[in-house]
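Engineer: Let me begin by handing over the structure; questions about it come next.
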Amino acid sequence: MFVLQAPQVRDTEVFTRLPDRFRRTGVRSDWADANRGGQATDSFLEGPVFDAAGNLYVSDIPFGRIFRIDPKGEWDLVAEWAGEPNGLKWLNERELLVTDYRHGLMACDVTTGSVRPYLDRRNSERFKGVNDLVFDSRGNLYFTDQGQTGLHDPTGRLYRLRPDGRLDLLLSNVPSPNGVALSPDERVLYLGVTRGNQVWRVPLLDDGSVSKVSAFFTSYGPSGPDGLAVDEAGRVLVANPGLGLCWVLSHRAEPELVLRSGAGASLTNIAFGGPDRKTLYCTESVSGVILRATLDVAGLPIHRATRPRSG
């Protein structure tokens, strides 16, 4: 008889905090009014991604900013614009591809701070509000279009943008699509479904379509899965902001490890870093803190575009 073992529980540690000089205390934002119930929000960190030198880049959604954090935990402002940036992935050596809730896909040059449109509409129609993204090894880009969807309006979308510019709508019935990650063999995409409190398993077929999409993992609480990552063993890591946890799940969605937030209860997104990619870094969005924990398996490498589109 098989008995499911209780997962190990560990605390994360605080790596660094957003300095006071960058906190917008007492400043209202349209994003916070809509998504935080008008609560005072001096920042909301998301989208962690590392460069080759070990610097960590994060976005600040309500105030349209991207920060760079060096390996010692020192912060620099890279870019600021009238947008709402969320997910970040490398487009090329100098540019981050950004899912901007207001403007669609944007490209940000981290050396100059300049920002340009990359893909702002589909068939002349604006996106609902793009959220997160991931490249595969062939340069296909998968990204989510979340907007204000949820169980009341399950019309969130999952797209694939091919290197030749073709845009495929893979799913259009998701109640709040959020984080995306790929299995090691890239035959499965994992999709965070925040308002459905699940992670969906999306098989990627050889003809470019998807089929037999299923609920891989079901969580609980006021806000479901957000950012995702996958390690070299095929385990799926799930940031769960409603609980202040990161689940580490086996390939059968069995919790093997639970990482608890060391500051606040809004652990929104995750990225592997460090020289061996065995340190997991987490954004604790409400408090403006970066958490970290050392794991025993390295995260998968992060891919980028093979043939970047021009603006």
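The values are calculated or read from the model by the stated rules, or taken from the named source; none is laboratory data. Just so it is clear, the model here is predicted, and its values are computed rather than measured. In this analysis, Cβ positions are derived from the backbone assuming ideal geometry, glycine residues included, and neighbour counts consider all displayed protein chains.
Engineer: Taking only segment 88-120 into account, find how many residues are without any contact (Cβ under 8 Å) to a residue 60 or more places away in the chain, part of a strand (DSSP E or B) and under 24 Å from ASP226 (Cα atoms).
Structural biologist: So in segment 88-120, the residues without any contact (Cβ under 8 Å) to a residue 60 or more places away in the chain come out as 88, 93-94, 96, 98-100, 102-106, 108-115, 120.
Going one step further and asking which of them are part of a strand (DSSP E or B), we end up with 88, 96, 98-100, 104-106, 108-109, 115.
From what's left, under 24 Å from ASP226 (Cα atoms): 88, 96, 98-100, 104-106, 108.
Number satisfying all stated conditions: 9.
Engineer: Report, by residue number, each residue of segment 129-182 that is in a strand (DSSP E or B) and among the polar types (S, T, N, Q). Let's see the steps before the verdict.
Structural biologist: The initial filter retains those residues of segment 129-182 that are in a strand (DSSP E or B), namely 130-135, 141-145, 150, 153, 156-161, 167-174, 177-182.
The answer is ASN131, THR144, SER172, ASN173, ASN178.
Engineer: Considering (1) out of contact with any strand residue (DSSP E or B) (no Cβ under 7 Å at 6 or more places or on another chain); (2) on the phi > 0 side of the Ramachandran plot; (3) loosely packed, with under 15 Cβ neighbours inside 10 Å; (4) in contact (Cβ under 8 Å) with a residue 24 or more places away in the chain, say which one GLY139 fails and leave the rest.
Structural biologist: Just one mismatch for GLY139, condition (3).
Engineer: If you don't mind, another one. Only one of VAL289, VAL248, VAL188 is among the aliphatic types (A, V, I, L, M) and surrounded by fewer than 21 Cβ atoms within 10 Å (Cβ to Cβ). Can you tell me which?
Structural biologist: Step by step, each of VAL289, VAL248, VAL188 is checked, and only VAL188 is among the aliphatic types (A, V, I, L, M) and surrounded by fewer than 21 Cβ atoms within 10 Å (Cβ to Cβ).
Engineer: Anything in segment 229-238 that is closer than 14 Å to TYR281 by Cα and surrounded by fewer than 24 Cβ atoms within 10 Å (Cβ to Cβ)? List them, or say none.
Structural biologist: So in segment 229-238, the residues closer than 14 Å to TYR281 by Cα come out as 229-231, 237-238.
VAL230, ASP231, listed by residue number.
Engineer: Every residue in segment 176-228 that is small (Gly, Ala, Ser), in contact (Cβ under 8 Å) with a residue 24 or more places away in the chain and within 19 Å of GLN146 (Cβ to Cβ), please.
Structural biologist: SER176, GLY179, ALA181, GLY192, GLY196, SER219, GLY221, SER223, GLY224, GLY227, listed by residue number.
Engineer: Let me confirm something: among VAL78, VAL58, which residue is under 26 Å from ALA107 (Cβ atoms), touching a Lys or Arg at 6+ places or on another chain (Cβ under 6 Å) and touching a residue at least 24 places away in the same chain (Cβ under 8 Å)?
Structural biologist: Step by step, each of VAL78, VAL58 is checked, and only VAL78 is under 26 Å from ALA107 (Cβ atoms), touching a Lys or Arg at 6+ places or on another chain (Cβ under 6 Å) and touching a residue at least 24 places away in the same chain (Cβ under 8 Å).
Engineer: Six or more apart or on different chains, Cβ atoms under 8 Å: show the pairs whose first residue is in segment 234-248 and without any contact (Cβ under 8 Å) to a residue 12 or more places away in the chain and whose second is in a strand (DSSP E or B).
Structural biologist: Pairs found: none.
Engineer: Okay, next question. What number of residues within segment 95-147 satisfy the criterion of being touching a Ser or Thr at 6+ places or on another chain (Cβ under 8 Å) and of a type in the set (D, E, K, R)?
Structural biologist: Looking only at that region, the number is 3.
Engineer: Give me the pairs, please: first residue somewhere in segment 34-50 and acidic (Asp, Glu), second residue anywhere and at pLDDT 80 or above and in a strand (DSSP E or B), beta-carbon distance under 6 Å, and either six or more positions apart or on two chains.
Structural biologist: Close Cβ pairs (under 6 Å, with a partner that is at pLDDT 80 or above and in a strand (DSSP E or B)) amount to GLU46/SER59; GLU46/ASN86; GLU46/THR268; GLU46/ASN269; GLU46/THR283.
Engineer: Sticking with this structure for a sec: Kindly check whether there is at least one residue in segment 71-82 that is surrounded by 21 or more Cβ atoms within 10 Å (Cβ to Cβ), at negative phi and modelled with pLDDT of 95 or more.
Structural biologist: yes
Engineer: Which residue pairs have Cβ atoms closer than 6 Å, lie 6 or more positions apart in sequence or on different chains, and pair a first residue in segment 159-172 that is farther than 16 Å from GLY147 by Cα with a second residue that is β-branched (Val, Ile, Thr) and not in a loop (DSSP other than H, G, I, E, B)?
Structural biologist: Every condition considered, the pairs that remain are LEU170/VAL210.
Engineer: While we're on this one: Among the numbered criteria (1) crowded, with 23+ Cβ neighbours inside 10 Å; (2) under 20 Å from GLU186 (Cα atoms); (3) out of contact with any Ser or Thr (no Cβ under 8 Å at 6 or more places or on another chain), which one does ALA253 miss?
Structural biologist: (1)
Engineer: Looking at segment 274-285, is at least one residue assigned to a loop (DSSP other than H, G, I, E, B), surrounded by fewer than 15 Cβ atoms within 10 Å (Cβ to Cβ) and small (Gly, Ala, Ser)? Can you show your working first?
Structural biologist: Applying the first criterion (assigned to a loop (DSSP other than H, G, I, E, B)) to segment 274-285 yields 274-278, 285.
Filter once more, keeping what is surrounded by fewer than 15 Cβ atoms within 10 Å (Cβ to Cβ): 275-276.
Filter again for small (Gly, Ala, Ser), leaving none.
Within segment 274-285, not a single residue is assigned to a loop (DSSP other than H, G, I, E, B), surrounded by fewer than 15 Cβ atoms within 10 Å (Cβ to Cβ) and small (Gly, Ala, Ser).
Results for (1) under 19 Å from the mean Cα position of the chain (by Cα); (2) part of a loop (DSSP other than H, G, I, E, B); (3) at pLDDT below 90; (4) of a type in the set (Ser, Thr, Tyr), shown as yes or no for each residue.
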{"site": "ARG21", "(1), (2), (3), (4)": "no, no, no, no"}
{"site": "ARG24", "(1), (2), (3), (4)": "no, yes, no, no"}
{"site": "TRP31", "(1), (2), (3), (4)": "yes, no, yes, no"}
{"site": "ALA40", "(1), (2), (3), (4)": "no, yes, yes, no"}
{"site": "SER59", "(1), (2), (3), (4)": "yes, no, no, yes"}
{"site": "ILE66", "(1), (2), (3), (4)": "yes, no, no, no"}
